[in-house]
Structures are given as C-alpha cells and as structure tokens.
Amino acid sequence: MYSISETLGNLISEYYDSAKQNNRDCRLLVPGLTRTIAGQLHEYLLSKEINSYLVVGETDEPNEEKQYISANGLTSKRIGSFVVIAYPGQLIRIQDSVRGSGGAIRSIAFSEEWPWIDNGDEAFRFDGPVLKRIIEKWTKDVEVQNWLYIFITSGLLKGSKSNPQRATLFLERIIGSFNSQLYPGVSDIQEKFFYHFGLPLPPQRLKDVSEVIDYSANLIKAIMEKCQRSENIREYVKDMTMEIDSPEERDETKKSIDILLDGIGNSDTLDLGLAAFLDCWDRDKQQVDYWRKLNSETLEKLFGLSVGDKAKIVSCLIKSTRGVVAGDNKEIATFLGEQIDVTVHCHIPQEISSKPQKVQILQRQRIITEADLLEGQESLVLQFNSRAFENKYDKKILLRIVLISEGNTLDTKRISLHLCGPDREALVIMKPEFQVFDAISDSIDESPEIKVVVEEPLHLYLLSHNETETDVSVVDEEEKVIGLMKTEMNGIWRTALLLDVSSENSNQINRICRFGDLSCVICFETANLEKGEFTLEDEYREVIIKGKCKKLTQLLGIHDGKDQKPYTCLGQITEATRRRISLAKSMTMRTGWKPILVDFFDIDEQGSGSVGEYINYHGNIEADAFSSVTISNEVSSILNAYIDSREKIIQEVTSRLDSLNTSIENPIYASHPIYVEKYTSYMEELLYSYLEIYSRLLAFIKENQRDLGWKQLFVLTHLDCAVHWDESPIRSSFFLLGPWHPLVIAKRYMVQGALHARAKRIEKDNEVDLKHLTKLLNRTPGFRWVLGLSSDDSLLESAYVYATSDPGWHIAVETKCPLSASQSGLGGLSRITESLRLHFGLASDITEEASSTLARTSLSNYMRAFPSRRSIDIYVCKGHPEIETIKSIDDYLHFEDGPSDQGRCLPGGVRLYLEGSHEANYEATWENPPFLIYHVEENSQRVLKRNLDVYMLPPALEKTFRKDEDVYELPRGSGMESVFCQPLTWITEGSTFLPKCISYEIDTSQKEAKGIGGKFISTLGQICSILKEPMTLVASIHLPERHEAPWMIASGRSIDPAVFVKYVRDGTNYNSEERALWDYRVDLAGQADSIYILSTIPRGFGVAVNGFFGREDIAEQLIMELGSIGIAVGGEALKSGRHALGVLGLAG
C-alpha cells in the first residue's frame, strides 16, 4: 500500500472515530485522487471496520459484496455513518441532493485537485498532517524532516502542477512509493529520495533548501533546452568526457550518459519540474552508481553549462518594531519615522570573494543606505529611517537591493514599503496574501468598493496614524460588528478571527473598516479555478458579448499585434482538459503530425510513444503492425513539405506572445492568437502554402488510391488526427482533427478575423448593438467532410465533421459508424459523445442530450396558458434525466417551508409518469401540494388512455446518413468569410407520414480563388470530389401519429422547425386531427434551450373564430394557414375564446 493511502486512511479513521465518540454521525466524501489510491483507501477502511463505499465509473461493475457503488446509486445512502471514496472523475457525477449543505453528505475531505488546491478540511491538508506524517516515517531527524517538507511543498509539488498525469506521478510514484528501506546502497535519506525521482545530486555547498530548488530547476531546464537545440547532443556530451574523466572512468561515464539521454528521449515527465528525470533511471536495476556518476556539477561540465556558482542575493528579510510584514518578507506596512532593518544574505563564489563587494538600497537612482561586504562575510543588516520618504509616500514605495562588485551589478532584489502618516492616515492590510488598501473620507459621496479574490482564510490588519484613535472598527454589510483586537504595536489592530470566504453560501463577504471619518469597503470573493474560457478564441467571443472592458482592450491589443503580453485570464483547467493539454502538446511537437492512436473509451495515461516512423500512440495500444509502414519517395517529398510548412506556422503562432516569464497551463493553440492583424499578410502566405501542400497530398491519394496499402492510406488520411483504436468493430471509424490540421487552423484564422473585426467596431465606433449575436460564432464548423478509411479494406469513406466546445478540435465520424456502434452493443454515437466529454472535456452535437429543465418549463407554460387548472398530469418519455426532472418540478412546487406561489395554484398537485427503468430513493417534497411519481413501461397504453395534460416527447433520434444523387451549390461566404456557410435543408417523410429533416452540406466548387478563403473552399471541394457519392445528414424526432395529450413538448436542439410546422399541417390533411404550433422558443446560438409546444385545438378557440365569421369551417382553415407559415397561436391568444380573436390578423 502506498504511504499516501495509508496516511489518508489513518486520518480518515481518526476523523470517523472522533465523530462516533462525540455521538455524531460521520458521512465523509473523499475524492480518490487515482484509481489505485481510491481502491487502497477503500480496502483499508473496510479492514478497520469502517462502513466505506467506493464510487466506481461506467466501465466498472457495482458490487454489493465489495461495496462498490455507482454515483447514482449513492442516493440511497442517507442513514448512519459512512465514508464514500470516489474514483477520479466521479465526484462531479454525485448528485447535489447527496453532497453539499443540503445533502446527506456534508463533509468533503478535499477537492479532486488536491494537493495542488489544498483548501479542504484542516484535518486532511497535504501541507499539514498528511505530508508531515509521511515524512516522519522516512526519518526521525527533525531537521531533515523540515528540509524535506519545504523541498516537497515548494519544489516538487509546484513543479508537477501542469503535468496531466500529476496525480499518478506525484502521489503514487514519487511520494506514495517511497520509504526509507529502498535502495540499500544509499544511506542518506535525502540522497535516497533524490535518486527515487531522478534528481541529479546537488552540490554539497548548497545547504539552504531554496538554493537547492532554484539551482536544480535551472540545471534541469538548461539540460533539456540544450537537448532540444542540439542535434548531436549525445556525441557532444560523450566528447566532453575526454576533458573531465580519467581513461578508466570514461566508459562508465559514457554508459551513464546513454542511460540518461535514452530516458530523456522516451520520457513523459519532462514537464514535471524537479522530477523531470523520473523516467530516466531504472530503480529495479539499481542504477544508483550511474546516477551518482552524473551529479549536478558533472552534468554542468558535460553539457557545457554554467548554472550554479554565481554571486547572488539569496534572501532579503525586512522588519520593523512597529509594522506588518508580508509572508515573503519583501513588503512591509509601517509608519512614517520608524526604523526599518533589512537583513541581506548573499552568496559570493570563491573566485571573487577577495574582490570588494557592497550592498545598496536604492529608490530609483537615489541611494538610501549602503554597506560593504567584508571578505568571507555573506550577510549584513542595512538600516534606514522611513522619514527618508516623507516628501511622497501616498502610494507603494518601490526599492531595489543591489549587490555590486567593482562597479558591476551582480544581482538585484526588490522590496516595497507602505507608510502610514499625516498624508496617508489609515491603511488596511490583508494577510496572508499581502495586499494594502487605503481608507478614504466618508464625505465622499460613494465609497468605492474594492473587490478582492482570495483562495484561503485571512486576517485584516488596520493601521491608524492617530495612535489614540478609539473609533476603529470592522463591520459587515448589515453593520454587525466584527471582533477586533489591539496588537502590542501602537496604532495597529487585527481581526480576532480568520475571515473564511469559502464558508459563505454566496462565496462572498463584505467588510467595512472604519477609522473615525475614514473608511475602506472591501468585497472578498472566493477564487474560481475555471476563471475564464479554455481558449483565447472562446474568451475573445465571450468578452465581446460583454462589451467594453479592460479584458476587451487587452485582447484587442493582442490581436492587433501591439501587445505581446500573454493573456492570463484563461481557465477551465480540469482533469479532463489536462488530458486534452497532453494530447495537444504531443501534436505541437515536430513529430506531432503523425496519426495518434488513442482508445477513447478506456483512457490509459500510463505512457505514450511511437510505432515505426509514421504512427504515435497514447496509452496501452497494440499496433505493432504499423512498425513496417513504408512510403514512396514522392509521398516522402510531400510529407516533408507538409511538416516544414506546419512547423513554420507553429513557430509563427508561438512567436506572437512573449510567454518566457509567464506560466500558462493552456497549450499554445489555446493561449496564442492565430489571427494577428499586424502580421496577416505573412500568416496568410503560410496558411495558403500549408493548404496547397495538403491539396497536393489529396491529389496524390485520389490518383494512387488503388496502389496504396491500407496502412499507407491510414497514415495519409489521418495526418494531425487522434484516431480511436481498440478491438471493437468501430476501430478507426471516428477520430479527432487536432489544432494544427490544415483545415482546422485555416478555419480558426478566419473566425478569429471575424471576431477581431467585431471587437474593433465596439472599441472604436462604440457599435454595441446586436453584440450578443457574436455568440453565433461559437462552434463554427467551417467544413463538414474529410476522408475516412474503411476498417475492412482500402476503400475511402466519407467522414462527417462536428465542431466541439473547443475550436481547436473537431470530431470526424465515418458514415458507417452509427450503425456499427449500435449493432455491436456499444451504445451508438452517445457512447462516443460521453467518452469525449468525460475524458477530454469536449462537448459536441453528435447526439442530443435531453434538457434537465424541460419538464419545469413545460409546467410553467401550461399554467400560464390554463391558470384555472388545479392539477396536472405529465408523461415523460424515456431519455429524459429522471433525477433532474423530478428536482426541477419539486423546486417549482415547493419551498423549504411550504408550497411555492405556483404550488398554491395547484392544490391537486402534479402526477408524473416516468417511462423505463428508474433510480430509487428520490429526494423531494411529496405533499402540500402532492407530488406523485409513477413508473410505467415504455409506450404504456394504459397510462396514455388517461386524460394526460402534457406529453414530453423523447429526445431527437441519433442522426443517420444517406446517399443522395443530386448535387447543389452550397451557400458560402467569400474571402475571409469563406468559413461561414449555410446548409441546405428540406423535409421529407416515409410511409408513416412523419417528417424528417435532411441536411446537405457538401462543397463542390474546386475553382481556385484568391486568398486564404478561396484556397480553403477549393480544398473542401477537392475532398468531396474524392468521396464521389454525396451524403446527407438525416435528423428526426419521434412524433406520434396522433396526439397523446393536449400538449406535446419537444426539445428542438437539432431539429429544423419546419419539421413541426409540417407535423401541424399534416394533422389536418391526413389524420383529421386539428393541431396547433402553440408556442416555441429558439436558441439561435446553439439550440440548447430550444423547445416547441404542439397542441390540439381547444374547443373555445373554434367557437370564437367560427362565431366571428358566422361560419362553421373558418377555424380549421385558420389553423392550417397559421401552421403552414410557422406562427404560434399560443400564449395569451388561446387562454379564452375572447383572446382567441387576437390571432385573426395573423392569418393574412
């Protein structure tokens, strides 16, 4: 068992036992972090006779005996004490009704991002009891324990933050698997730990842990940069052994070099910070002697580096007898006239120690104080009085600490001062995150509210120039006094208790700090990990919708080419997006053009590599057959041109931002702009060349298809793609087009150009009208067809392309895939959709997900139309989410303390009929008014014969494909607007007379036109000419031949509204059933909330209309005309016979 699992198990046991001893139930939810740790924790707790449940994923079978349970099954566990361990990714699936302030489980040990986000219960803090207990098992030496604690938290933990496999690598392989009994040949525990994760042995001269961290990080970074820049690095390093080794040691050193460089070449951990060389040494083979051979100083010499021994300021500690100091000792808030001491620690290399050195404190070029460093001296204290700044101290004072030798500046550090005095009478300081705010006069009409985002509990310190001030206080927005204590320092107060913003349901706390007639108003908000969109393109679109703001100005500057500073407000970093990041990083490398084989159904993050010269893989993939792929010289020439052109584009995109000193987890395709107005001519030249080479490749495939083998065709048709690869019948029948695919990057360039043009109209011309329509640029597909390849033989197949929630990735599905997926029992296209969403955070429109609020929307609309109803029967077809549906209706009917306003209007309540299998133990209020649930068989005629009020149609059927002989010209823009097109759609029907929507999206034009847009269109036409047989997309929804209830509700995410118009018209033509399109709501941006309400004709409507004309046949004619032009007759018009006359003018 990993030590991390055992330690967490012990802490959970103590937490559990403590609750039991105090006669409290303990229901604790613990994210499992990794599958292995989750399993070990569960087994450990069961062995301690603690009632534990393991929440498993879809690929695992629940097991009552082992207490494995699904996330939905957890809803039944509400009584007594228990612990829930959740597999990675399952926390989000556990219903809100189970966890949270209102659920059965109210305690969550920590987040799934633990320990990188360590803001959970104090009992389970990684930098608290967890790590300390683990280290105590390694050594009893307290000094070494403290050293290792700082090294892990400040070095290893931070360095591993961006790796997508960080949980497995850091928690299991580095921390969890280490113990003092490993590697008997190494006695020192620190050296043993360094070898465990591959860190080159640091120089003995470095004693301070921060020095070791900084030195080692710089050394590893320098080595990797040298390996990337130098083509013959192995020869270079081995040649250097001639200069540093004796002949008898040389062979062993060369063997060590081979082991290290082989490990670097095959490693997946190079972005793991200090543990970058984790995969370089085989611990099972006990390669400790080879590792020792390549210590840090030896590596510096071998690689020709100078990383270590430089004169530098190691640390600066600032203090005053009366002030508040930041946690890093680099910033202080004090009073005018106070003495300030700055302790400076330096490192002076031996070779320059005899030269004169001195340390100065400067404000700009003015020397505040200075002192000489004597030979052998490495620390000194500089003192000065803050009155040196009495002429101007109304804001932060920036100072430089400079180490100088013979007139040359060797190193510089910075410190800051905030002074409180007559010109700045009162300050508020926030700690531990050190921020300083000014109090201003209450006479100002509006005291500006300061908004601060915080990540942890905090104290407020109040500094007042008036030391005898008695009217110092802190209150909340309701003027409730917050406890305040006077410190031992005159003029300084501190809040008595920590302010914990995360404990508030609103995630927000307001505090007003008062100093007599001065005050400071601060609004504290909790930090949000998903602070912005994942890609710069999505962020630009969302910011444009908001209108003028600082973010829009910055994004405009980036896309204008005037600002090279990276945009740091991107977010959406989750475990799923980290897998996407890992895939993107592989594709951004020079070899990233190769098809990547991935099992999208069973993600295995343990390793990646290549098979032969033309295939990459991620995870545990069997593809040895590709090792023998060969290509002709002609293909090789095209591929080399493709690779070079692709690399130029990646380098151009990378160069647009100066990200050297900024840490951004999002990959280059997501964090950098493709469209930069200043460089459009050069970028369009690169993109045109890239598409031209891709066009040459397509032409070669078309001419030589019969002569190419399956493996060769596979490589050529899946460049820059991640292809599904498993043992199922749908192997290779769907794939992701990556961010550097020619069609994807050309599409993104044009979309970003359109976004930038819209942003400029807002910024320069203040043209904000209709800015919300920018939402329509979300999920722009740009193109719909690419080449696929049959899994059975060397035949090309049509692959239909869907845009995803990330503009850098598109999903291509071969037209035979839906049928194969259904027939093989894989769950159809919905399995593909769910896997990509769950594992990579990619949402798409491949299948339609039922709306969780549709039932509530239906109920609300029905009540507005028929307010006299006192009870309502709703029938819900299979496919709608049961728990969400029940919860939405319960929220509509009930408040916590009684019926809602709507519930009071329904004394008879709601009867809900749910089709299909059901999930037990729903959490809802069942009375006042009554809320009854009935589970019925699919298409239950016994229930359908009842007097139902509302019938919720099932979600749209999965889309299918069909061949079409006709060829049309697709409406598409020109120039930079070539990326935008409009599909041709029409309605058809079969023997059931139920309408279906046919969508035609085939580009046929191969005419060469100027510019990137013209080349984009001609390339799409070339693809469709290779596929030959035009294919169309068929979308349909199950519409019953006759109305099952007065109202039928449909979610219209992917259905053409014309389907419902025809259904209404056909009701009169074929079935002698009077139907109306009662009401509808269309979501233009994505149809996520589009709904259609189909109704029979109330008798009152017919009586009113016929009576107005004095004839008996007018109402039917009117309904036909309204239905044929898609006009809804619902709302106020049909509430009564009188209101019905209001629609007469619509019939024309």
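General observations
Here's the yes/no breakdown for (1) basic (Lys, Arg); (2) part of a helix (DSSP H, G or I); (3) farther than 26 Å from residue 1081 by Cβ; (4) modelled with pLDDT of 85 or more:
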site: 1015; (1), (2), (3), (4): yes, yes, yes, yes
site: 1018; (1), (2), (3), (4): no, yes, yes, yes
site: 1023; (1), (2), (3), (4): no, yes, yes, yes
site: 1026; (1), (2), (3), (4): no, yes, yes, yes
site: 1034; (1), (2), (3), (4): no, no, no, yes
site: 1039; (1), (2), (3), (4): no, no, no, no
site: 1045; (1), (2), (3), (4): no, no, no, no
site: 1048; (1), (2), (3), (4): no, no, no, yes
site: 1054; (1), (2), (3), (4): no, no, no, no
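- Number of positions in the range 22-60 that are part of a loop (DSSP other than H, G, I, E, B) and more than 28 Å from the chain's Cα centre (by Cα): 9
- Condition check for residue 410: over 16 Å from residue 472 (Cβ atoms) and modelled with pLDDT of 90 or more: no
- With respect to the conditions (1) surrounded by 19 or more Cβ atoms within 10 Å (Cβ to Cβ); (2) outside the structural domain of residue 225 (by TED's automatic domain parsing), residue 341 lacks only one, and its number is (1).
- Considering residues of the range 220-268 that are under 27 Å from residue 607 (Cα atoms) and among the acidic types (Asp, Glu) only, the residue farthest from the chain's Cα centre (by Cα): 258
- Within the range 400-422, the set of residues being assigned to a loop (DSSP other than H, G, I, E, B) and either over 16 Å from residue 334 (Cβ atoms) or without any contact (Cβ under 8 Å) to a residue 60 or more places away in the chain (or both) comprises 406, 407.
- Test for residue 765: is it at pLDDT below 85, more than 21 Å from residue 673 (Cβ to Cβ) and either acidic (Asp, Glu) or surrounded by 15 or more Cβ atoms within 10 Å (Cβ to Cβ) (or both): yes
- Test: residue 710 is farther than 20 Å from residue 803 by Cα and of a type in the set (A, V, I, L, M, F, W, C): yes
- Test result for residue 286, surrounded by fewer than 17 Cβ atoms within 10 Å (Cβ to Cβ) and closer than 24 Å to residue 618 by Cα: no
- Filter result (assigned to a loop (DSSP other than H, G, I, E, B) and either of a type in the set (A, V, I, L, M) or farther than 25 Å from residue 352 by Cβ (or both)) within the range 369-399: 374, 390, 391, 392, 393, 394, 395, 396
- Filter result for residue 277 (in contact with a Gly (Cβ under 7 Å, 6 or more places away or on another chain) and at pLDDT 85 or above): yes
- Scanning the range 964-1001 for residues that are surrounded by fewer than 16 Cβ atoms within 10 Å (Cβ to Cβ) and closer than 18 Å to residue 750 by Cα returns 971, 973, 974, 975, 977, 982.
- Residues in the range 610-649 that are over 26 Å from residue 746 (Cβ atoms) and touching a strand residue (DSSP E or B) at 6+ places or on another chain (Cβ under 8 Å): 610, 611, 617, 619, 621, 623, 624, 626, 627, 629.
- Of all residues in the range 131-162 being in contact with a helix residue (DSSP H, G or I) (Cβ under 7 Å, 6 or more places away or on another chain) and assigned to a loop (DSSP other than H, G, I, E, B), the one that is nearest to residue 214 (Cα to Cα): 160
- Residue list for the range 823-843, restricted to those being of a type in the set (Gly, Ala, Ser) and either over 17 Å from residue 800 (Cα atoms) or in contact (Cβ under 8 Å) with a residue 60 or more places away in the chain (or both): 824, 825, 827, 828, 830, 835, 841
- Contact map, the range 179-195: first residue in contact (Cβ under 8 Å) with a residue 60 or more places away in the chain, second residue among the small types (Gly, Ala, Ser) and in a helix (DSSP H, G or I), Cβ cut-off under 9 Å, separation 6 or more or different chains; pairs are 179/3.
- Residue in the range 801-810 that is outside the structural domain of residue 722 (by TED's automatic domain parsing), farther than 17 Å from residue 723 by Cα and in contact (Cβ under 8 Å) with a residue 12 or more places away in the chain present: no
- No other residue among 773, 743, 719, 755 is surrounded by fewer than 18 Cβ atoms within 10 Å (Cβ to Cβ) and either in the same structural domain as residue 627 (by TED's automatic domain parsing) or not in a loop (DSSP other than H, G, I, E, B) (or both) apart from 773.
- Per the listing 125, 173, the residue uniquely within 31 Å of the chain's Cα centre (by Cα), farther than 22 Å from residue 218 by Cα, modelled with pLDDT under 90 and not hydroxyl-bearing (Ser, Thr, Tyr) is 125.
- Yes/no for residue 695 being surrounded by 19 or more Cβ atoms within 10 Å (Cβ to Cβ), touching a helix residue (DSSP H, G or I) at 6+ places or on another chain (Cβ under 7 Å) and among the hydroxyl-bearing types (Ser, Thr, Tyr): no
- Within the range 831-848, if we keep just the residues that are in a loop (DSSP other than H, G, I, E, B) and in contact with a strand residue (DSSP E or B) (Cβ under 9 Å, 6 or more places away or on another chain), the residue that is nearest to residue 1045 (Cα to Cα) turns out to be 848.
- All conditions in (1) in contact with a Leu (Cβ under 6 Å, 6 or more places away or on another chain); (2) outside any helix (DSSP H, G or I); (3) over 30 Å from residue 1028 (Cβ atoms) hold for residue 827, with the sole exception of (1).
- Test: residue in the range 219-232 that is at pLDDT 85 or above, under 17 Å from residue 279 (Cα atoms) and not in a helix (DSSP H, G or I): no
- Qualifying residues in the range 615-639 (those that are assigned to a loop (DSSP other than H, G, I, E, B) and over 36 Å from the mean Cα position of the chain (by Cα)) - the one nearest to residue 579 (Cα to Cα): 629
- Scanning the range 329-358 for residues that are under 49 Å from the mean Cα position of the chain (by Cα), in a loop (DSSP other than H, G, I, E, B) and not charged (D, E, K, R) yields 329, 336, 348, 349.
The values are calculated or read from the model by the stated rules, or taken from the named source; none is laboratory data. Here the structure is a predicted model, which is why all the values come from computation and not from measurement. Because the Cβ atoms are built from the backbone with ideal geometry, glycine has one as well, and the counts that use them run over all protein chains shown.
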